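Accompanying notes for the structure given below.
Read-outs throughout are calculated quantities, based only on the coordinates presented, and are distinct from any laboratory measurement. Everything numeric in this text was worked out from a predicted model, so none of it was measured. Virtual Cβ from ideal backbone geometry, glycine too; neighbours counted across all protein chains shown.
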Ligand SMILES: Cc1cc2nc3c(=O)[nH]c(=O)nc-3n(C[C@H](O)[C@H](O)[C@H](O)COP(=O)(O)OP(=O)(O)OC[C@H]3O[C@@H](n4cnc5c(N)ncnc54)[C@H](O)[C@@H]3O)c2cc1C
């Protein structure tokens, strides 16, 4: 396979344009936008960018990459938080899926939607709401994240405490593998057994095995009614207790999102720990559920600051939580000015382990002398510790960051949890999954994954250097 080293960016772009016309962009200023994602990971300048409009475009771009010794990364909105969509290899071609954003079908009886991968999660849900339906995977980045990106990252979101994360909510996929083959996997039916479950190999594979060109998504009806509260607490321990207490009272909460005191303050919320907890209910049972929920909050030492009796009001009250990312950056800017970076972790522990895990986590931050922000989803055991770090930190400080990241991973594993709940592995969590499999005495699992990669992408053309340590 010819390497592109001797070929200029211009000649590659013009070769690509001959195949894909004006869907190719080669302006350096635009390419720069595709050299990173929302994580702290930095990447290289891609050689070119293609806006795919069909499965044929995807296959043509892949064929061009294979023939010219290029690498190919499919991207949605590049909101990933672990370096998942950052080009690290020289000679990378970016394949943007943004223009493949059609809803192909919504079935009000089967409760499925067939979509192209570039549609944004919110846009899909606005349309589904007109049919009384929802795709209940709701990343806090739902305004920009694409369905294809969520599928490829195996993402979750704010409704995870009841609905779990995306793998359950995808029932079929069309993918183009690294050999150019088109696979149609999964079923439209509720139940499906068709040999090995290849569908779930592609979900969460971060574009390293194949490119999703169409998805059939499972849907849920919009709730008949919804109740929720916004509560504040003086301490993180109390907030965690209220979530545990709700479970003890058999309240199956749909949303349980939180912010620590510093991030709350940075977002204008008066310096307390904040929790948004709410759930779908049958019409008529609103007051009973609200009183159970309020009891769980107040018995844990919290105060109710607002009550919502429908999902729209609740989601409006929860807007500050969706701004966790920028709130964290604001705290960082106040500390380190524009040198600040926030490295978002993504661990999860069983809910029964949350009280001990959170206490140890906060102590770890203090022991290492590194500011740790805390926020995210808590009712599904998922925590996003945000390490405030400096871009130009001296070497010994960087070593401390790295060591803290490892300790946080160890903590999650020790409590029976995982080092990556929903953001995926990308570049930044490769060391952590290595640790996870090592500690489970299961390194053969990583070898099996390398074999899977060789089957679907034998030329290592798709998003190389990601996921596999
Ligand atoms: C403010 C903020 C809040 C967030 N909140 C959440 C949250 O609550 N829950 C959560 O899970 N994540 C969250 N994230 C992370 C991120 O938004 C999700 O991982 C999201 O799924 C990424 O979607 P995207 O379209 O930006 O994908 P991208 O970042 O563009 O891509 C993600 C990965 O998928 C691959 N990919 C993209 N499209 C395709 C395709 N069609 N076929 C194959 N591979 C493809 C890419 O190569 C990459 O590996 C948050 C991020 C931010 C910035």
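Of interest is the spacing of the C-alpha centroids, which for region 101-155 and region 177-234 amounts to 10 Å.
To the nearest ten degrees, helix 9-20 and the longest principal axis of the Cα atoms of the chain are 90 degrees apart. Considering helices alone, the calculated mean residue ellipticity of the chain at 222 nm is -10500 deg cm²/dmol, with DSSP H runs of length four and up weighted by -39500 (n - 2.57) and normalised per residue. Rounded to 0.05, the FRET efficiency of the residue 303 and residue 183 pair, given R0 = 51 Å and the Cβ-Cβ distance, is 0.45. In plain terms, the residue of 435, 254, 402 with the fewest other Cβ atoms within 10 Å comes first and the most crowded comes last, giving 402, 435, 254.
Principal-axis analysis of the Cα atoms of the chain puts helix 395-414 at an angle of about 70° to the longest axis.
Convex hull volume of the Cα atoms of region 225-322, normalised per residue: 75 Å³. Our compactness index for the chain, the C-alpha radius of gyration over the empirical 2.2 N^0.38 Å, is 0.99.
Each peptide in 124-133, 327-336 gets a packing score, the mean of other Cβ atoms within 10 Å over its residues, and the list from highest to lowest is 327-336, 124-133.
In the frame of its principal axes, region 319-469 has Cα extents of 48, 37, 36 Å, reported largest first. Ranked by how many other Cβ atoms sit within 10 Å of their own Cβ, fewest first, the residues 316, 40 fall in the order 316, 40.
Take the Cα of residue 356, step 7 Å toward its Cβ, do the same at residue 190, and the gap between the two points is 3.9 nm. Taking other C-beta atoms within 10 angstrom as a stand-in for reagent exposure, 410, 194 fall in the order 194, 410, fewest first. The modelled label-to-label distance between residue 313 and residue 126, using points 7 Å beyond Cα along the C-beta direction, is 2.4 nm.
For a test of the definition: using alpha carbon positions, the gyration tensor, and the 1.5 limit on a/c, classify region 310-377 as rounded, prolate or oblate. Oblate shape, in that a/c is at least 1.5 and b/c is the bigger or equal ratio. Across the chain, the mean sequence separation of Cα contacts (distance under 8 Å, 6 or more residues apart), normalised by length, yields a relative contact order of 15 percent. Dividing the mean sequence gap of close Cα pairs (under 8 Å, 6+ apart) by how many residues region 13-96 holds gives a relative contact order of 38 percent. Between the alpha-carbon centres of region 407-469 and region 244-283 there is a gap of 31 Å. The overall shape of region 1-104, judged from the alpha-carbon gyration tensor, is oblate: a/c is not under 1.5, and a/b is no greater than b/c.
Taking the C-alpha atoms only, the angle from helix 443-456 to the longest principal axis of the chain is near 50 degrees.
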